[in-house]
């Protein structure tokens, strides 16, 4: 997962709205992941927080 730095306030609000109002589970989890990454959480921390499975990238 790439580092996400300096999300604009507008983008943060849009992601928060996705989490609150989007019907799709996957979209909500992706939005949560982006916000957590923006807050400096590591991939392993996010996996634990969101109860996700982490796959190592293949070469």
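The values are calculated or read from the model by the stated rules, or taken from the named source; none is laboratory data. Every value quoted in this text rests on a predicted model; they were computed, and no experiment measured them. Positions of Cβ are generated from backbone atoms using ideal geometry, with glycine treated the same way; all protein chains shown enter the neighbour counts.
Structural remarks
- Across the range 1-38, the qualifying residues are those that are assigned to a loop (DSSP other than H, G, I, E, B) and surrounded by 11 or more Cβ atoms within 10 Å (Cβ to Cβ), and the one among them that is modelled with the highest pLDDT is 22.
- Pairing each residue of the range 11-29 that is on the phi < 0 side of the Ramachandran plot with any residue that is outside any helix (DSSP H, G or I) and modelled with pLDDT of 95 or more, provided the two are 6+ apart or on different chains, yields C-beta distances under 9 Å for 18/24; 28/22.
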